[in-house]
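Engineer: Here's a structure for you.
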Amino acid sequence: MSTRPLAIVGARLVDPETGYDGPGCLLSRAGLIVDRIERAQVENLSADFEVIDAAGAMLAPGLVDLRVKTGEPGSEPKETLKSAARAAAAGGVTSIVVQPDTDPAIDDPSVVDFILRRARDIGLVRVYPAGAATKRLEGKQMAEIGLMREAGCVYITDVDKPIVDSLVLRRVLSYSKVFGAVVSHRPADPYLSAGAANEGEFAGRMGLPSVSPMAERIMLERDLALAELTGGALLVDQVSCAESLECLQRAKDKGVNVRASVSINHLSFNELDIGDYRTFYKLTPPLRREDDRQALIEALASGLIDVVVSAHAPAPAEDKRLPFDEAAPGAVGLQTLLPALLTLYHNERAPLVDLIATVTLKPAQLAGLDAGTLSKGAPADLVLCNIDAPLVIDADKLISKSKNSPFDGRRLQGEVLATVVGGRVVYRAGEPG
């Protein structure tokens, strides 16, 4: 792994901060971007630079993934911080935010410190913890939000467990506002969400217990009202249906401090992909109708949805090889996030620079991270990707310890050639990890 000054030449630079999408060369030294130069200036570089010829490949800020689950601490057979970091590097993801539903939960500053120390020891990508909103993620008593924030957690969430008690969520939003922390909340009424597939004709025909889109909309309306009441910053976690988009638009029009994320899975698949009970497609929230998927894509292109996440949720084979309604939900996604997102570019659904912003600049701004830009003085966290290269996803070859990928066998375009973190090449295609 190189620690020399780095020059990446002959690239297609895509910078979401400036909107630039065009040819250029980038220099980094001491972990920071120091300059952009013209191709003709390359011969004037001093001999101490390591030069990578991009040959026209896209050079963009490294991806920032706001929703990554690991099994560490507590369930290391699913995923460790190291295996997640290696998968992230192979996917061009240079910053990951790990979720607090570990054992013990990240509801205390000591666990935040553990995550940060482990990440420094691993030394691959940047790893940031999200802190639990309530103790043990039980939705009853607020966690030590202020102390966790001081220790280094980047936002607050109870992950997949909705906070049903409105008074508790109101307090979480109000208290987090004092510390400048965003509260991420899954809008899902638990009494209407005890199912495995989207409510409708398909689930009925398959005999699967179903989840109504109203479960999301009802809880979302409450969450938006509490965000308006408190002035707290709310991230709507993984919006999945068209009905929710109308609520979100109204709230944004009123000036509510709200942003929304969507998983790459809900942009890529619909309920019919479940097929003959394929459990790799069992997700939470469940895959919705095709018109919901199309509405999500349009909302992303318009900017109504701000951030795309991998929703990386590893599950070992024994937890997936079960009847559909008993199988664990979730899918791995760190290595498939970028090529799957590029499908929207290849299908002309959105400009490349706008799509890259949803996985770089926008999540970095939301979490308060110094990332997501190619500006001089920014950390040299970069991804070099041949966006036209065809690839077929083979789940068995994914680096994650778990192989539960709904993209298994899918044809995509976009091969990550190199990933750079702090000016250091942490992944090169074709080299052993």
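Engineer: Does A55 fit the bill of being out of contact with any His (no Cβ under 8 Å at 6 or more places or on another chain) and either within 24 Å of P285 (Cα to Cα) or surrounded by 22 or more Cβ atoms within 10 Å (Cβ to Cβ) (or both)?
Structural biologist: no
Engineer: Between L267, L352, L296, L342, which is touching a Gly at 6+ places or on another chain (Cβ under 6 Å) and open to solvent by less than 10 Å² (accessible area, probe 1.4 Å)?
Structural biologist: Exactly one residue qualifies, and that residue is L342.
Engineer: Right, next: Would you mind finding the one in A301, A311, A357 that is surrounded by fewer than 17 Cβ atoms within 10 Å (Cβ to Cβ), under 19 Å from D237 (Cα atoms) and touching a residue at least 40 places away in the same chain (Cβ under 8 Å)?
Structural biologist: Sole residue among the options that is surrounded by fewer than 17 Cβ atoms within 10 Å (Cβ to Cβ), under 19 Å from D237 (Cα atoms) and touching a residue at least 40 places away in the same chain (Cβ under 8 Å): A301.
Engineer: Here's another thing I want to ask about it. Return the residue satisfying two criteria in turn: it lies in the stretch 414-433 and is of a type in the set (D, E, K, R) and farther than 16 Å from L398 by Cβ, and of such residues it is modelled with the lowest pLDDT.
Structural biologist: It comes out as E431.
Engineer: Are any residues in the stretch 158-182 part of a loop (DSSP other than H, G, I, E, B), over 13 Å from I145 (Cα atoms) and open to solvent by 10 Å² or more (accessible area, probe 1.4 Å), and if so, which ones? Spell out the reasoning first.
Structural biologist: Of the residues in the stretch 158-182, the ones part of a loop (DSSP other than H, G, I, E, B) are 158-165, 179-182.
Next cut, over 13 Å from I145 (Cα atoms) only: 159-165.
Within the stretch 158-182, D160, K161, P162, V164, D165 meet the criteria.
Engineer: From the list A143, A84, pick out the single residue that is in contact (Cβ under 8 Å) with a residue 24 or more places away in the chain and over 16 Å from the mean Cα position of the chain (by Cα).
Structural biologist: A143
Engineer: Tell me whether the stretch 326-336 contains one or more residues that are more than 30 Å from I274 (Cα to Cα) and either surrounded by 19 or more Cβ atoms within 10 Å (Cβ to Cβ) or hydroxyl-bearing (S, T, Y) (or both). Reasoning before the result, please.
Structural biologist: As a first pass, look at the stretch 326-336 and keep what is more than 30 Å from I274 (Cα to Cα): none.
No, every residue in the stretch 326-336 fails to be more than 30 Å from I274 (Cα to Cα) and either surrounded by 19 or more Cβ atoms within 10 Å (Cβ to Cβ) or hydroxyl-bearing (S, T, Y) (or both).
Engineer: Kindly indicate the residue of the stretch 201-220 that is closer than 20 Å to D292 by Cα, out of contact with any helix residue (DSSP H, G or I) (no Cβ under 6 Å at 6 or more places or on another chain) and not aliphatic (A, V, I, L, M) and also surrounded by the fewest Cβ atoms within 10 Å (Cβ to Cβ) among those meeting that condition.
Structural biologist: R205
Engineer: Take the stretch 256-298 and flag every residue that is touching a residue at least 60 places away in the same chain (Cβ under 8 Å) and either part of a strand (DSSP E or B) or more than 25 Å from S210 (Cα to Cα) (or both).
Structural biologist: R259, S261, S263
Engineer: Turning to a different aspect of this structure: For the stretch 111-121, which residues satisfy the criterion of being surrounded by fewer than 20 Cβ atoms within 10 Å (Cβ to Cβ), touching a residue at least 24 places away in the same chain (Cβ under 8 Å) and either in contact with a Leu (Cβ under 7 Å, 6 or more places away or on another chain) or not acidic (D, E) (or both)? So that I can check it myself, show each step before the final result.
Structural biologist: Applying the first criterion (surrounded by fewer than 20 Cβ atoms within 10 Å (Cβ to Cβ)) to the stretch 111-121 yields 113-114, 116-118, 120-121.
Still in the running and touching a residue at least 24 places away in the same chain (Cβ under 8 Å): 113-114, 116, 118.
Passing the criteria: F114, L116, R118.
Engineer: In addition: Considering only the stretch 214-231, I want to know if a residue exists there that is outside any helix (DSSP H, G or I) and touching a residue at least 60 places away in the same chain (Cβ under 8 Å).
Structural biologist: No, that holds for no residue.
Engineer: Scan the stretch 122-133 and give yes if some residue there is out of contact with any Pro (no Cβ under 6 Å at 6 or more places or on another chain), touching a residue at least 40 places away in the same chain (Cβ under 8 Å) and part of a helix (DSSP H, G or I), otherwise no.
Structural biologist: So far as the stretch 122-133 goes, yes, one or more of its residues are out of contact with any Pro (no Cβ under 6 Å at 6 or more places or on another chain), touching a residue at least 40 places away in the same chain (Cβ under 8 Å) and part of a helix (DSSP H, G or I).
Engineer: Sticking with this structure for a sec: Can you pull out every residue in the stretch 229-255 that is surrounded by fewer than 20 Cβ atoms within 10 Å (Cβ to Cβ) and either of a type in the set (A, V, I, L, M, F, W, C) or within 20 Å of R67 (Cβ to Cβ) (or both)?
Structural biologist: Passing the criteria: L229, A242.
Engineer: Taking the conditions exactly as written (farther than 26 Å from I356 by Cβ, buried (at least 19 other Cβ atoms within 10 Å of the Cβ) and at pLDDT 95 or above), does A87 satisfy them or not?
Structural biologist: Criteria not met by A87.
Engineer: For the stretch 360-372, which residues satisfy the criterion of being surrounded by fewer than 20 Cβ atoms within 10 Å (Cβ to Cβ) and among the polar types (S, T, N, Q)?
Structural biologist: Residue satisfying the conditions is Q365 alone.
The values are calculated or read from the model by the stated rules, or taken from the named source; none is laboratory data. Quantities reported herein were computed from a predicted structural model and do not represent experimental measurements. As a convention, Cβ positions derive from the backbone with ideal geometry for all residues, glycine included, and neighbour counts pool all protein chains shown. Just the protein is used for accessible areas: all its heavy atoms, side chains included, with ligands, DNA and RNA removed. Shrake-Rupley method; radii C 1.70, N 1.55, O 1.52, S 1.80 Å.
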